[in-house]
Structures are given as structure tokens and as C-alpha cells.
1. So what's the back-of-envelope 222 nm ellipticity for the chain, counting only DSSP H runs of four-plus at -39500 (n - 2.57) apiece and dividing by all residues, rounded to 500?
2. Find the centroid of the Cα atoms in the range 1-55 and in the range 103-176, then give the distance between the two in whole Å.
3. Using +1 at the C-beta of Lys and Arg and -1 at the C-beta of Asp and Glu, which of Trp73, Ser51, Gly84 has the Cα lying farthest in the positive direction of the dipole of the range 1-85?
4. Would you list which lysines come within 21 Å of Lys27, measuring only between C-alpha atoms, while excluding same-chain residues fewer than 8 positions from it?
5. With the Cα gyration tensor of the chain in hand, convert its eigenvalues to equivalent ellipsoid semi-axes via √(5λ) and list them largest first in whole Å.
Amino acid sequence: MEAFTSDKARAWCSRVGPKMTRDGLLKYKGSTANRFFVLAPDVFREITVFSRAVLTFRGEDDFSGGMLWLRRWDIGSPQLVRVGWRIVEKMRQAQGESRPLESAPAAIFRDDELIELHALLVQVIGFGWVADFVRPTGDFFLHFKSNRQVCFTADSASTLKELREAFSEWNPTDDDPMLVKMRAIEKARSG
């Protein structure tokens, strides 16, 4: 694992595929048609299964590492989220990284660091942090939201189809459930 600054993470993403938009989101050039959403689990064992599925959806032999970029990790009660911060800090220190998350919020994992990346991704999902996971192959990335929504975005329709099939048990949907809920609230207020 090697920690990256936000600037270095942005440059790394640009090299492998997705680009940073002006509003700070990753996106493939072109359309947003190749995406879907799933609701991440909130039970620890299911989080562990889901996060492993994300990293090895084509099989463990296909794991090639990737970048996990923490975008917001200060969500929730400080008394509770500090546990997650400590876990991440200790993981980083074990790899020789002494910079705080504020200075280097992204981490690149090699193809032999599946367990390390898995352990960090469990924290992201469990604590509801906003983060991005980008594969070094650039064929897809995931955006983890604080409301447990995970947006899968692929560089092609065929990769998206493969992802949708692999995550069918997690009930993928084309529309961001939070936006659907907000539209329903607005409709109810105006109607």
C-alpha cells in the first residue's frame, strides 16, 4: 500500500481511465449511461462478503490491486467514527505511512495486497464514508456514498452487464435511490 495525495490520486485516475469533473466526481468521458446502484449492506458479515465481491468479482486470480480514495471520513458521531480512523491509521502506519488522512487520503494497493485492501474497504462501507475505488485496469470504478448507496460505473456496456450480473443478488437499480426518494417527496409536497 502506498498513500497518495488527492492531486496524485486524480492524476493516477486520469492515467487509468476515469477523469475528475469540476464538481469533484469521477466520470468516464462521454455518458453516464453505464452505471447502476446497489444498497451496501449494514451487517458486518454481509459487508465483508460484499466488499470481497467488489474486489474479486471476476475471481481472485483477476485481482490486480487498485486505488481506494477516501473523500469524506468525518461522517457521523466523532465518538464512533474515531474507531474507524484509528483502524485506518494503524493499517497505514504498518505500511510506513505517517501522514494523516487529510494529507494523503488515497491509497494504492498492489496485486498482492487483496487482504489489506479488503480490510480498508470494510471500514469504508461499515462507517459509511464517502470513497472511490478504481481498478488499475480502468474498466470500472465504484463511488461509495454516505447513505450506503454504491454507484458502479463502467467504461463499457459489456463491463456494466458483467457487473450487474455479478451483483444481481444485491438488487441493482439504474436510478440513484436517493434522487428517486427526493423526487417522490417533492411530488408529494406539490401534489
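1. Computed ellipticity for the chain at 222 nm equals -13000 deg cm²/dmol.
2. Cα centroid to Cα centroid, the span is 5 Å.
3. Farthest towards the positive pole: Trp73.
4. Once the sequence-local lysines are set aside, what remains near Lys27 is Lys8, Lys19, Lys145, Lys161.
5. Taking √(5λ) for each Cα gyration eigenvalue gives 25, 20, 17 Å.
Read the figures in this text as sums done on the coordinates, not as results from a lab. Just so you know, these numbers come straight off a predicted model, no measurement behind them. All Cβ positions, glycine included, derive from the backbone under ideal geometry; neighbour counts span all protein chains shown.
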